[in-house]
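The next block holds one structure in the form of structure tokens; read it before the comments.
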Amino acid sequence: MSEYNGERLTRLPAKSLVFFVALLLGTGAAALGILSLPWVKPRPGQAPRLEAIVRGNGPFEAGVGVASMDVPLGAPIAGFAHLTYRSDGADPVTARALVLSSGELKIGLVSAELLLVPDALRAAVLARLEGLELSGVILAATHTHASLGGYYENPVAERAGLAPYDPAMRDLVANAMAESLRRALASLGPARLSVGRGRDTELVAGRDDATPDGRLTVMRIDRPDGQPLAELTVFGSHPTTLGIHNRRISGDWPARFYARSRRGVRLLLQGAVGDQGTYMPESWGPLTDETYGAAVDRAVGALSFGPPDAAPMVAYAAAEVTLPTPSPPAIPTLLRQAATNLATFVLPAQARLSALRLGSVLFLDAPGEVMSHLTLRLREMGGPDAVVVSLADGYLGYLDTADRSDGRESHPERTYYGPALSPVLERGFSMVVGALGEADLPAASPRTGAAQATGSPP
């Protein structure tokens with residue numbers, strides 16, 4: 001057999017392996033070199049553009065609607081990165097809408113039991129609202145980390161925790177959010193508003209040494225005869241009580257909080273949630289979705305509310321901002337340009353910011369998870385009535401001040417645009433806050449469709 005095992009032949013496999021490895025490394029180096037070329041140019045700074053500014057000019061009315069998301073067996077679960085995203089069951093999950101009306105102004109607000117509401121999902125919902133004559137729409141997520149997934153077509157987001165895209169899941173979610181708004185519009189009627197404010201730092205733990213926030217703002221809406229209609233709560237605390245190993249789709253603690261309502265339909269908006277996690281004193285028992293939902297319910301029940309107001313101010317402003325070129329700070333310098341090139345193709349180039357004045361409360365709605373330091377800046381900008389809302393109308397990652405977005409903050413891998421993002425957001429919020437502060441706000445005019453939800457120009 002020596003003719004088949006000569007010296008030349010016995011060495012061929014090793015030579016082939018070396019050649020293959022060299023070819024592979026060379027191909028990878030060439031690909032990295034191509035990807036590292038400056039294909040993406042820095043975006044020029046642009047002033048924010050005011051898209052909507054409307055105010056109420058008539059009797060206050062409100063309506064509320066709930067639509068279930070009929071989750072199929074084995075639907076994808078979102079919230080954490082997994083090798084496989086198939087769920088093993090689902091609790092009832094919902095989209096909940098509140099419509100606020102004053103004269104011809106109609107603002108629709110939806111809170112869905114989802115991880116987040118990306119801009120593509122917002123567009124899908126608005127496309128289903130044609131002809132509803134809404135002056136503005138705010139779409140937000142409770143941020144449950146046991147969310148239904150598969151509704152966002154984005155290769156990076158899909159693997160990072162939102163699950164592989166499935167058009168059927170996108171349609172299921174968008175249909176439910178749109179239907180909740182239709183039901184809320186159908187139930188519009190005279191209403192009154194009362195507001196309760198407080199703070200409970202025993203219910204949150206600041207992540208990475210952040211100060212626990214614990215701010216609670218609750219708005220109760222009832223009919224003139226006192227019949228409860230809706231209760232809107234703003235509170236920042238990550239819904240992660242079920243943990244990474246959970247495979248059952250669920251609303252987490254917000255769903256348990258909803259189930260305890262005695263004041264009509266509950267809706268939750270996440271406050272400044274970026275560095276706020278769930279917490280309870282050990283003496284209260286084990287921390288579960290059920291016990292935590294009950295604890296938040298007790299905190300809301302302990303608030304004092306002002307007298308009902310049958311004619312609260314209602315006003316809304318929204319602006320579009322052009323985002324800076326993505327600059328992921330957690331990427332090694334060698335890979336930074338390649339990462340920027342790729343990120344530019346999968347991350348939004350524009351974002352929507354909005355402000356809603358409802359009675360004594362000014363909501364500042366941000367498309368991401370707002371961190372403590374930026375929260376302080378926005379509260380200073382909005383004044384003592386300002387309440388920061390996270391995860392509304394898009395997702396830009398964790399939102400922090402410029403000096404903490406350069407790779408030195410606690411979660412640099414979750415900031416996608418670098419230190420240039422914060423000034424852009426602050427200019428946008430300054431514009432919408434200033435617009436609502438103008439004494440000569442124009443009255444709302446009828447709308448032809450929710451997808452054209454803009455107000456009269458100032």
Complete set of residues in the stretch 248-273 that are surrounded by fewer than 23 Cβ atoms within 10 Å (Cβ to Cβ) and part of a loop (DSSP other than H, G, I, E, B): R248, R260, S261, R262, R263, G264
Yes/no for R55 being modelled with pLDDT of 85 or more, touching a strand residue (DSSP E or B) at 6+ places or on another chain (Cβ under 9 Å) and more than 30 Å from R170 (Cα to Cα): yes
Residue within the stretch 92-112 that is out of contact with any Gly (no Cβ under 8 Å at 6 or more places or on another chain), assigned to a loop (DSSP other than H, G, I, E, B) and crowded, with 23+ Cβ neighbours inside 10 Å present: no
Check on G394, at pLDDT 90 or above, in a helix (DSSP H, G or I), under 30 Å from A62 (Cβ atoms) and not polar (S, T, N, Q): no
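The values are calculated or read from the model by the stated rules, or taken from the named source; none is laboratory data. Only a predicted model underlies this, so the values are computations on that prediction, with no experimental measurement involved. Cβ: placed from backbone, ideal geometry, glycine included. Neighbour counts: every protein chain shown.
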